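The structure under discussion appears below in the form of structure tokens.
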Amino acid sequence: FDLDEYVVEALRAGASGFLLKDAPAHELVQAIRVVAAGEAMLAPSITRRLLDKYADHLPSGEEPLPDTLHTLTEREVEVLKLVARGLSNAEIAADLFVSETTVKTHVGHVLTKLSLRDRVQAAVYAYESGLVRPGAQ
């Protein structure tokens with residue numbers, strides 16, 4: 001169902017994916033593969049609404065960045081910003097002119113260093129920490 005309450009409760013309960021019931025079969029198969037690989041998948045319309053809904057609760061950018069961000073390399077910070085923008089590993093690889101395997105390694109390091117479970121938590125962390133802000137490129 002396309003209700004914000006269901007999405008929020010599912011994410012709070014630890015869901016790594018959320019698609020609408022009218023999602024085409026190929027999207028469902030792709031989502032299963034993504035979640036099985038340890039990543040996360042949200043329907044794009046849900047991602048947009050969540051960002052719009054919670055944007056006012058995010059830091060303004062004037063707060064100091066958390067010390068945990070200083071454990072990341074410059075490249076890992078770049079990758080985290082791109083993950084927060086919703087880019088796939090392939091898109092990040094193309095943007096940074098590196099291989100998909102290299103991106104996967106960087107994402108793994110980010111998750112480990114920040115004690116995060118998946119890409120959804122990484123994106124939330126990036127916004128909550130003030131590293132990225134809605135609408136910023």
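In the stretch 5-53, what residues are surrounded by 13 or more Cβ atoms within 10 Å (Cβ to Cβ), touching a residue at least 60 places away in the same chain (Cβ under 8 Å) and under 25 Å from Arg133 (Cβ atoms)?
Correct list: Leu11, Ser16, Glu39, Ala40, Leu42, Leu51.
Residue by residue through the stretch 96-120, note down the ones that are of a type in the set (Asp, Glu), more than 17 Å from Val35 (Cα to Cα) and touching an Asp or Glu at 6+ places or on another chain (Cβ under 9 Å).
none
Go through (1) touching a residue at least 60 places away in the same chain (Cβ under 8 Å); (2) surrounded by 19 or more Cβ atoms within 10 Å (Cβ to Cβ); (3) not polar (S, T, N, Q) and name the single condition Val83 misses.
(1)
Quick one: how many residues across the stretch 39-80 are modelled with pLDDT of 80 or more, β-branched (Val, Ile, Thr) and either assigned to a helix (DSSP H, G or I) or within 14 Å of Ala123 (Cβ to Cβ) (or both)?
Qualifying residue count, the stretch 39-80: 4.
Which residue out of Lys104, Lys113 is in contact with a helix residue (DSSP H, G or I) (Cβ under 8 Å, 6 or more places away or on another chain) and in contact (Cβ under 8 Å) with a residue 40 or more places away in the chain?
Sole residue among the options that is in contact with a helix residue (DSSP H, G or I) (Cβ under 8 Å, 6 or more places away or on another chain) and in contact (Cβ under 8 Å) with a residue 40 or more places away in the chain: Lys113.
Restricting the search to the stretch 86-104, which residues are surrounded by fewer than 14 Cβ atoms within 10 Å (Cβ to Cβ) and either on the phi > 0 side of the Ramachandran plot or hydroxyl-bearing (Ser, Thr, Tyr) (or both)?
Result: Phe97, Ser99, Thr101.
The values are calculated or read from the model by the stated rules, or taken from the named source; none is laboratory data. Keep in mind that this is a model prediction, so the values were computed, not measured. Positions of Cβ are generated from backbone atoms using ideal geometry, with glycine treated the same way; all protein chains shown enter the neighbour counts.
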